[in-house]
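Written out below as structure tokens is the structure these notes cover.
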Amino acid sequence: MRILLAPSVDRAAIDRAGMEAGWPLVNIFARTQTRPRQVIFGDSEWLLTFVWDHRVDARYAVLDGHDVDTLGAQLRGALPTLSLDDVRAMLETDRIRAICWLGIVGPPTPDPEIRRILDEALTSSDERIRDAAAFAEEALDWP
Amino acid sequence: MTLPIERPRLAGHVQARFHLTGAQEKVVLHDPRSGLVLEVTPDDWRLLEACDGTRDLDALCLATAKIGRYRGEGAIEQLIGELVEAGVLVDGLPPPPITAPVTPPETPADRPLEMAPDYRFSCDGQGSCCRFYGSIPFMPVDALSARLHAADRPMPIAPQNLFLPVSGAHLDPAHPAVVAQVNGRCVFLNADERCDIHASSGAEAKPTVCQTYPAVFVDDGEVVRVSATPECACIFDSAESEGGERLLPDTIRLRGDLHPLIAPGVVPDPVPLTLSRTAPRSALRAWSRTAHDIARAADRDAAGWALALAEGMTTRGLDEIDVPSLPLDGLRPWIAAFRSRAASVAQTQDGWRHASDLSRQVARWIADALDSQDPFTAEPRPREEGFYLAMLMWGHRLSTGGRPLGHSLRDRATRILTARAMRLVPAPEDISSEHPLALVEAAVRNLSIAGYANEL
């Protein structure tokens, strides 16, 4: 599960949420040319990886574990997040960024409407829109 | 987020001391170069321990998380930023030590110890020395024994905070460590003002430095002079009383009999007398023996005599010792500088020490006495002041502080006058007023007043 964080969420907000919720910090990966910066909380049951994805100017959390729904609800209660509907609404005002972020907030199984948006973007005459769609395709990793 | 320096490390000269003050645990960082005193929390100290010069901000986050003390990247960044600004953190690992082409010779193991003549010491058991020194170093085996002792009984301070490094943030088990304090008292001083280790396991179980206190060792090239550091009332009382014991057991007669980590001070050769005049070390040996005898005779004003010796260093060098005292007016700039420094130190101590802390009380006593009294009109105490100078002279203590002998003599004359002023005002409730000179001497070293004379 991935949860897109609002642009206002910074490291201090994440730390505050982590301390209030008791998330143990377990690792930090610095940004490299091929890897975005990651700050990882977790224990033996779950991992919560916050990603500063500089390639698409996004901050999101990747949730792993056998009860990610509970963890996701806790995260949404602690930090401002953006839903699929929020990103859809951005398509009108900030199209390139919104297409990229569809790759983050899209569901794990194919969704016809998103599929249509991405197919259309992949044939766009604007190279930036095509690149955004390619990123989203790769991130969604649908069959 | 970023740090002002990439990989912070507590500077090697900074001294961290763990204190329980009232109910508050704190680590006090003291920068002896600047006189700066900073307080941090025990959690902050755990972070500083992790600041070993190899960890960047991310690594510090992880290091504190690993020990369960992570409070957020922003908190780390803020603390590091403040400490960098205060000048107590440096960047990266320390540079490798440079091997000196010529190293000073070590004191040979067969060098005899020469004890202060006609002096036997009797401790009054008041625990004053255990209540005043901010840095009581335990040898590695002493620290281990003390930890075992602490493990068997309730202690006011958690085991991991009982010892901190002598300086810097890296506690090396092969080197001495400094014991934590409760309201300025050694954590092992019990409610009966007795060393709990001594009470439980006997005198031989006491830490090495406590067993050898108040003995001080200085190598003059022929012998290691052993004197009593005149920093405790019972050291003065012992000079006037019968009985007592040698400063060291009869079995300790050579340098090699001392603990290997006890490093005697060394008299430089030649000995600086003034900024432009020196004398051979052999001449100092003779001078200090005669000066000791004159000082013990106590037949002249000790402060004025010390000043006369200092004034004569330029012209007479070490040649004339039996000289009359001089009027004390030449010490007015010294007293002014001492007064200023003492006032600043007292203010600092008031800021962080508990009201019952002996160091705080003494600092305030000194500052108030010099602020309200004229030390130049106060009555001398010839025997006490003579003994004071005698011990310092016998032990070559005026020639080992890195300053010329003349400077040290004026400094000690200033301390004598300060003690005279202290007798004119009431002593704090918890303190024996009998020997304020002992407290001045201890305070100058313990509370970093010594730098007062740097500009003179």
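Every read-out reported here was derived from the displayed coordinates using simple, explicitly stated rules and does not represent laboratory data. Only a predicted model underlies this, so the values are computations on that prediction, with no experimental measurement involved. Using ideal geometry, Cβ is built from the backbone for each residue, glycine included, and neighbour counts are taken over all protein chains shown.
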To the nearest 20 debye, what is the magnitude of the charge dipole of chain A about its Cα centre, counting +1 on the Cβ of each Lys and Arg and -1 on the Cβ of each Asp and Glu?
440
Using the Cα centre of the stretch B:397-453 as origin and beta-carbon charges of +1 (Lys, Arg) and -1 (Asp, Glu), tell me which of B:LEU417, B:HIS407, B:ALA442 is placed farthest towards the positive end of the dipole.
B:HIS407
Positive end of the dipole of the protein assembly as shown, charges at C-beta (+1 Lys, Arg; -1 Asp, Glu), about the Cα centre: which of B:LEU162, B:THR99, B:ASN190 has its Cα farthest in that direction?
B:THR99
Once the dipole of the protein assembly as shown is set up from charges on Cβ (+1 Lys and Arg, -1 Asp and Glu), the residue from the list B:LEU20, A:ILE96, B:ALA291 lying farthest towards its positive end is B:ALA291
Quick calc, the stretch A:16-70, dipole around Cα centre from Cβ unit charges on Lys, Arg (+) and Asp, Glu (-), nearest 20 debye, gives 480
Alpha-carbon spread of the stretch A:1-72, three principal axes, descending order, Å
30, 23, 20
Counting only Cα, what are the radius of gyration and maximum Cα-Cα distance Dmax of chain A, in Å?
15.5, 48
Largest first and rounded to whole Å, the semi-axes √(5λ) derived from the alpha carbon gyration tensor of the stretch B:112-225 read 26, 18, 12
Give the angle, between 0 and 90 degrees and rounded to the nearest 10, that separates the Cα long axis of helix B:57-66 from the longest principal axis of the Cα atoms of chain B.
80
Reported to two decimal places, what Rg/Rh ratio describes chain B when computed on Cα atoms with Rh from the Kirkwood expression?
0.97
Over the stretch A:76-119, with a single point scatterer placed on each C-alpha, what log10 of the ratio I(q)/I(0) does the Debye formula yield at q = 0.18, 0.26 1/Å?
-0.52, -0.95
For the stretch B:15-115, how big is the tail of P(r) above 19 Å, as a whole percent of Cα pairs?
57
Whole-percent pair-distance distribution, where bins are 10 Å wide, for the alpha carbons of the stretch B:333-384:
25, 43, 27, 5
Could you list, bin by bin from short to long, the percent of Cα-Cα pairs of the stretch B:404-456 in 5 Å steps?
4, 18, 28, 24, 14, 7, 4, 0
With loop defined by DSSP as not H, G, I, E or B, and exposure as at most 10 other Cβ atoms within 10 Å, which is the longest segment of chain B clear of exposed GluC sites (Glu not before Pro)?
B:1-241
Mean ellipticity per residue at 222 nm, deg cm²/dmol - from DSSP H runs of n ≥ 4 across chain B, formula -39500 (n - 2.57):
-12000 deg cm²/dmol
From Cα coordinates alone, what are the radius of gyration and Dmax values for the stretch A:3-45 in angstrom?
11.6, 33
Please compute the Kirkwood hydrodynamic radius over the protein assembly as shown, one decimal place, Å, based on all pairs of different Cα atoms.
28.6
One point scatterer per Cα, no solvent, Debye formula: log10 I(q)/I(0) for the stretch B:7-63 at q = 0.16 Å⁻¹ comes out as -0.53
Between 0 and 90°, nearest 10: helix B:358-372 axis offset from chain B longest Cα axis
50
Relative to the Cα centre, what is the charge dipole magnitude of the protein assembly as shown, using +1 at the beta carbon of each Lys and Arg, -1 at the beta carbon of each Asp and Glu, and rounding to the nearest 20 debye?
1140
Principal axis dimensions, the stretch A:66-143 - Cα atoms, whole angstrom, descending
42, 29, 17
Please compute, for peptide A:23-29, the average count of beta-carbon atoms on other protein chains lying within 10 Å of each residue's beta-carbon.
4
Could you work out the relative contact order of the stretch B:191-313? I mean the mean sequence separation of Cα pairs under 8 Å and 6+ apart, divided by the number of residues, in percent.
18
Gyration tensor (Cα) of the stretch B:324-456, equivalent ellipsoid semi-axes in angstrom:
22, 16, 15
FRET efficiency (B:THR2, A:SER8; Cβ distance; R0 25 Å; to 0.05) is 0.80
How long, wide and thick is the stretch B:227-314, going by the Cα atoms along their three principal axes, in whole angstroms, largest first?
41, 33, 20
When all alpha-carbon pairs of the stretch B:170-224 are counted, what percent fall beyond 15 Å?
64
